[in-house]
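Scroll down for the structure; my scribbles are underneath it.
The values are calculated or read from the model by the stated rules, or taken from the named source; none is laboratory data. The shown structure was predicted, so the numbers you read here are calculated from the model rather than taken from an experiment. Please note: Cβ atoms are built from the backbone with ideal geometry, for glycine as well, and neighbour counts cover all protein chains shown.
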Amino acid sequence: MTQSLPGFPPSVIRRLVIKIGSALLVDPAGEVRLDWLRTLVADVAARRAEGQQVIIVSSGAIALGARRLKLPKGGRGSLEDAQAAAATGQIALSQCWAALLHERGITAAQMLVTLDDLENRRRYLNASATLERLMQLGVVPVVNENDSVATAEIRFGDNDRLAARIGQAARADAVVLLSDVDGLYTANPHVDAGAMLIETIERIDARIAAMADGGSASGMGSGGMTSKIEAARIATGAGAHLAIISGKINAPLSHWEQGGRGSIFLAAPAQRARKGWLAGRLAVRGRITVDAGAEKALERGNSLLPAGVARVEGVFARGDVVDILAEDGRVIARGLIEYDSEEAARIAGKRSDDIAALLGHLPRSVLVHRDHMAMV
């Protein structure tokens, strides 16, 4: 199976999400790179002709709008500038995609989403249903973050993670991130000539995470390799492969399928839909650090008991999402907390027999129930 994955061919990958960053789509003058984009659209059309369903996650609205509004710093000088640029540029961006896809006989649909749309369970299911219906109708959805209304507190901040979440919502088989580098290297290839490309990543561990570089080489986008690895965590946890390949050449998908370089993060066994959604959430309210015994218990599929908790951080209410950390700081799980932060801190490390007397009421038996927890 892994030998047939490079290129994510239609014979293996039924549904594919393709993410295009601002630096690839928009030139430094703020104009769409139409010649390059036509080659990508040709790639998409060829794959669809072979039966592959395609979803596009496209950056570029802020960069396009900033030029039209003559805003400094590419429209990113302030939140207000970015929102105005996005509102202006999104029209041009959607028109461009619709026109180029129409040239190939393909109907495009626009979807603008915010972080809340995919963090709220009901709205996430609505987005998932819309994507599914568009796929059934043979349409290519073009998705972007709705930067005209998103704020610093409620936004993805980069389209790498958005692409992974859209892949999860659409039940895609794979996600490909077109980048200014052709994969994950052992060091930043722009500054280290000895950096080596890693072609296959079976598990995202501390060694892989340490290779990430958070910078955006173009200064136009908002993500670097750190955001791509976070996207890989979300995608692979949802049962989808994720690839990072170069988008700096014409027809990048064809080039990759014909032997071009890239890095593939292999999918993990998919979790149940609700747990996959929970594991992929980006907004968490608190952090619960557990001892080694509790970590082993969670790995065996048990619920989190107060006795195994070493530390509670953050302000949260019952039902909020919290990260569960090992003693060394690794995030090992994510779940819905059964107590508010004040009570959770009071009962941390306490045995069940002692909790009723401490709180003055009959407590819930667990801090995070296994049915409302996903390992990450």
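Of the residues A23, A61, which single one is touching a residue at least 40 places away in the same chain (Cβ under 8 Å), in the same structural domain as A251 (by TED's automatic domain parsing) and within 22 Å of A251 (Cβ to Cβ)?
Exactly one of A23, A61 is touching a residue at least 40 places away in the same chain (Cβ under 8 Å), in the same structural domain as A251 (by TED's automatic domain parsing) and within 22 Å of A251 (Cβ to Cβ), namely A23.
Tell me, which residue of segment 105-122 that is over 19 Å from A172 (Cβ atoms) and either among the small types (G, A, S) or without any contact (Cβ under 8 Å) to a residue 24 or more places away in the chain (or both) is surrounded by the fewest Cβ atoms within 10 Å (Cβ to Cβ)?
R122
Take the residues in segment 69-87 that are at pLDDT below 90 and touching a helix residue (DSSP H, G or I) at 6+ places or on another chain (Cβ under 8 Å), then tell me which one is nearest to E145 (Cα to Cα).
Checked segment 69-87; the qualifying residue nearest to E145 (Cα to Cα) is A82.
Looking at the structure I just gave you, is A150 closer than 21 Å to G224 by Cβ, in contact (Cβ under 8 Å) with a residue 12 or more places away in the chain and either small (G, A, S) or not assigned by TED's automatic domain parsing to the domain that holds K19 (or both)?
Considered against the rule, which asks whether it is closer than 21 Å to G224 by Cβ, in contact (Cβ under 8 Å) with a residue 12 or more places away in the chain and either small (G, A, S) or not assigned by TED's automatic domain parsing to the domain that holds K19 (or both), A150 comes out as yes.
Restricting the search to segment 110-147, which residues are of a type outside the set (S, T, N, Q) and part of a loop (DSSP other than H, G, I, E, B)?
Of everything in segment 110-147, those that are of a type outside the set (S, T, N, Q) and part of a loop (DSSP other than H, G, I, E, B) turn out to be L137, G138, V139, D147.
Please verify whether E230 is at pLDDT below 95, acidic (D, E) and assigned to a helix (DSSP H, G or I), treating the condition exactly as stated.
So E230 passes the test.
What single numbered condition from (1) within 27 Å of H255 (Cβ to Cβ); (2) more than 22 Å from the chain's Cα centre (by Cα) fails to hold for V54?
Here V54 clears every test but (2).
Per-residue answers, yes or no, for (1) outside any helix (DSSP H, G or I); (2) out of contact with any helix residue (DSSP H, G or I) (no Cβ under 6 Å at 6 or more places or on another chain); (3) surrounded by fewer than 20 Cβ atoms within 10 Å (Cβ to Cβ); (4) not assigned by TED's automatic domain parsing to the domain that holds A42:
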position	(1), (2), (3), (4)
N250	yes, no, yes, no
G259	yes, yes, yes, no
P269	yes, yes, yes, no
A294	no, no, no, yes
A297	no, yes, yes, yes
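Please go through segment 149-168 and pick out each residue that is touching a Leu at 6+ places or on another chain (Cβ under 8 Å) and at pLDDT below 90.
Residues satisfying the conditions are A150, T151, A152, I154, R155, F156.
Would you mind listing the helices (runs of 4 or more DSSP H) fully within segment 1-109 where at least 2 residues are out of contact with any strand residue (DSSP E or B) (no Cβ under 8 Å at 6 or more places or on another chain) and under 27 Å from I264 (Cβ atoms)?
22-25, 34-49
May I ask you to list the residues in segment 309-360 that are surrounded by fewer than 15 Cβ atoms within 10 Å (Cβ to Cβ), among the small types (G, A, S) and in a strand (DSSP E or B)?
Scanning segment 309-360 gives no hits.
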